[in-house]
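Below is one structure, written out as structure tokens; the observations come after it.
Values in this text are rule-based calculations from the coordinates and carry no lab data. Predicted model only: the values in this text are computed from it and were never measured. Cβ sites come from the backbone with ideal geometry, for glycine too, and all protein chains shown count toward neighbours.
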Amino acid sequence: MIVLVNRHLLPKGTYGMTLWPFILLRNEQLKRDAVLMNHERIHLRQQLQMLILPFYLWYITEFFFRWLQHGNRKKAYSNLSMEREAYANDTDLDYLQTFRFWAFLRYL
């Protein structure tokens, strides 16, 4: 995991983003946000378990499906299985210790 801090690399309104092996953060203080960092680490694990490229293909395909389904980009994003898993477990700082293979499928 490599953490990069640069507000110009992130879309407006985004505090963090994971692009394996990087976690991009808007500002330095966010490194100390345990929940945000756990959320992004969950995405790192998801990306690694899917061998990286298939993760992005799945994520983009599901995003467009959800966008058509909900007619709204923000709703599409919040209903992605990968995001639902990360948000559901980001406050559990021990989640990665019990992380199950392809657990995001439960959030479809």
For the Leu93, Tyr15 Cβ pair and Förster radius 22 Å, calculated FRET efficiency rounded to 0.05 is 0.80
Can you list the HN-Hα couplings for the stretch 16-32, worked out from phi with the Karplus curve (6.51, -1.76, 1.60; θ = phi - 60°), rounded to whole Hz and with x for Gly and Pro? x, 8, 10, 10, 2, x, 9, 10, 9, 10, 6, 8, 4, 4, 5, 4, 8
For the stretch 26-88, the dipole about the Cα centre with charges only on Cβ (Lys and Arg +1, Asp and Glu -1), to the nearest 20 debye, works out at 160 debye
Using alpha-carbon positions, the gyration tensor of the chain gives root eigenvalues a ≥ b ≥ c; with a/c under 1.5 called rounded, otherwise prolate if a/b exceeds b/c, else oblate, the class is oblate
Quick one: putting +1 on the C-beta of Lys and Arg, -1 on the C-beta of Asp and Glu, what dipole do you get for the stretch 1-48 around its Cα centre, in Debye to the nearest 20? 60 debye
Amide H contacts of Val3 (H built 1.01 Å from N, under 5 Å, at least 5 apart or other chain): Ile23
